[in-house]
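Read through the structure below, which is laid out as structure tokens, and then see the notes.
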Amino acid sequence: MISLTSPIETRAHAWPAGVKLLGLCLATMVLFSQNGIVFHACAFLCIAATYASAGLVFLRYGAARLWGLWPFVVMVLIWHAVTQDFVAGLVISIRLLSAVALANLVTLTTKLSAMIDVVRFLATPLRRIGLKTQQLELGIALVVRFTPVLAHKGSQLSDAWRARSPKRAKWNIVVPLAVLAIDDAEYLAEALKARGGVD
Amino acid sequence: MERNLTLIALFAALIAALGLIPKFTLGFGVPITAQTLGVMLCGTVLGARRGGLAALLFLVLVAVGLPLLAGGRGGLGVFTSASAGFLFGWPVGAFVTGLFVEKVRAGSLAVTSGIASILGGIIVVYGFGIVGMAFVLDKTLVEATLLVTAFIPGDLIKAIVAGVVTAALFKARPNSVLSRA
């Protein structure tokens, strides 16, 4: 499974994930506490400059990941054009783009293993009160392993449907796909138990 | 114990796999993905606690940077976007859906699951989604509600499908439908 971490090595790849996440929380809080157009324009330019400092390819990739936000931006701009308050609309749109770009920046520069270490660290209080968090870690591994398996089975089911029908499969394959998921889960549970169980 | 863990993990994987089914467009051009159907099924099949945990596990994987949301989206950016509230609503929605199926034993499972999916998968999830959108886009709750009404018909269809699918699963694998076990 491919994670969203950027293959382009940046300086931020070496920074501790916890620090980056804490910084992201603080920066997002600051973004949502300010309402000035000048502040948000400057903030957005700073973020764009940060992306650009890792190279043009990185900047372009970052911009591409923001593209999905266009419906919100268009909607907000039209809304505020109608209500004669265009600057406010601009502020909201830029703030949205900045907040998402910043969060993406952390994802792009942090390895999956480092993120999972953070999840493990955040679960520390649960361990203190006696819960076993190995199950959380095993659960993460199982989802990573079985998402491609189920996706493959799903595409086989829709191929099988297409071989027999001129129409495309829509909801029809959900039942067999869910049955396959349940069966896999039952086999896995037996296999885990046979190998000593999880607790 | 092992069964709980593997069912939770496989249903989290099922939410991801349903995101890969090609988008399906409603009559008036609103695209919908099957992922919220997966969230509803987590509740109707696994029950409240396990269903909520499955949706939560899925979100943890999205947050650590796996592109599991429909269209290959993922990472922390989706949690600061205008639609982030909907994601935060998923575990709670799955929990409420499961709770309804667990508590209401009368009537057919298909109907009960369909109603449960409307309660948890639509009302609860939209509640979170509307609050999130109102906050990020700086709108009032009423304005934010107006902005998302276009998606409700698609989700109603999904709630009906969730009811039918749950009844079919109960026929195929009665012991694995833990909300009724």
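Key figures
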{"quantity": "Unmet criterion (only one of (1) at pLDDT 85 or above; (2) over 28 Å from A:GLN134 (Cβ atoms)) for B:LYS23", "calculated": "(1)"}
{"quantity": "Qualifying residue in region B:132-141 (condition: under 20 Å from the mean Cα position of the chain (by Cα), more than 9 Å from every other protein chain (Cβ to nearest Cβ) and surrounded by fewer than 20 Cβ atoms within 10 Å (Cβ to Cβ))", "calculated": "no"}
{"quantity": "In region A:95-107, residue surrounded by the most Cβ atoms within 10 Å (Cβ to Cβ) [restricted to those that are within 7 Å of chain B (Cβ to nearest Cβ) and not polar (S, T, N, Q)]", "calculated": "A:VAL100"}
{"quantity": "Condition met for A:THR110 (among the hydroxyl-bearing types (Ser, Thr, Tyr), under 30 Å from A:TRP15 (Cβ atoms), surrounded by 14 or more Cβ atoms within 10 Å (Cβ to Cβ) and assigned by TED's automatic domain parsing to the domain that holds A:ALA54)", "calculated": "yes"}
{"quantity": "Within region A:163-183, tally of residues that are outside any helix (DSSP H, G or I) and under 15 Å from B:ALA162 (Cβ atoms)", "calculated": "1"}
{"quantity": "Among residues of region A:1-41, those that are assigned to a helix (DSSP H, G or I) and closer than 21 Å to A:LEU56 by Cα, counted", "calculated": "5"}
{"quantity": "Matching residues in region A:111-125 - criterion: being touching a Gly at 6+ places or on another chain (Cβ under 8 Å) and more than 7 Å from chain B (Cβ to nearest Cβ)", "calculated": "A:VAL118, A:PHE121"}
{"quantity": "Output for region A:165-183, where each listed residue is within 8 Å of chain B (Cβ to nearest Cβ) and touching a residue at least 24 places away in the same chain (Cβ under 8 Å)", "calculated": "A:LEU177, A:ALA181"}
{"quantity": "Condition met for B:ALA167 (under 19 Å from the mean Cα position of the chain (by Cα) and touching a residue at least 60 places away in the same chain (Cβ under 8 Å))", "calculated": "no"}
{"quantity": "Residues (surrounded by 24 or more Cβ atoms within 10 Å (Cβ to Cβ) and either more than 26 Å from A:ALA17 (Cα to Cα) or in contact with an Asp or Glu (Cβ under 9 Å, 6 or more places away or on another chain) (or both)) located in region B:49-88", "calculated": "B:GLY51, B:GLY52"}
{"quantity": "Residue satisfying condition, being under 23 Å from A:THR5 (Cα atoms) and touching a strand residue (DSSP E or B) at 6+ places or on another chain (Cβ under 9 Å), within set A:GLY68, A:GLY55, A:GLY23", "calculated": "A:GLY68"}
{"quantity": "Residue match in region A:109-127 (condition: farther than 29 Å from A:LEU31 by Cα, in contact with a helix residue (DSSP H, G or I) (Cβ under 6 Å, 6 or more places away or on another chain) and small (Gly, Ala, Ser))", "calculated": "no"}
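Conditions tested, residue by residue: (1) touching a residue at least 24 places away in the same chain (Cβ under 8 Å); (2) facing chain B (nearest Cβ under 8 Å); (3) in a loop (DSSP other than H, G, I, E, B); (4) over 16 Å from B:ALA17 (Cα atoms).
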{"position": "A:LEU138", "(1), (2), (3), (4)": "yes, yes, no, yes"}
{"position": "A:PHE146", "(1), (2), (3), (4)": "yes, yes, no, no"}
{"position": "A:LEU150", "(1), (2), (3), (4)": "yes, yes, no, no"}
{"position": "A:GLN156", "(1), (2), (3), (4)": "no, no, no, no"}
{"position": "A:ALA185", "(1), (2), (3), (4)": "no, yes, no, no"}
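The values are calculated or read from the model by the stated rules, or taken from the named source; none is laboratory data. Here the structure is a predicted model, which is why all the values come from computation and not from measurement. So basically every Cβ, Gly included, is an ideal-geometry build from the backbone, and we count neighbours across all protein chains shown.
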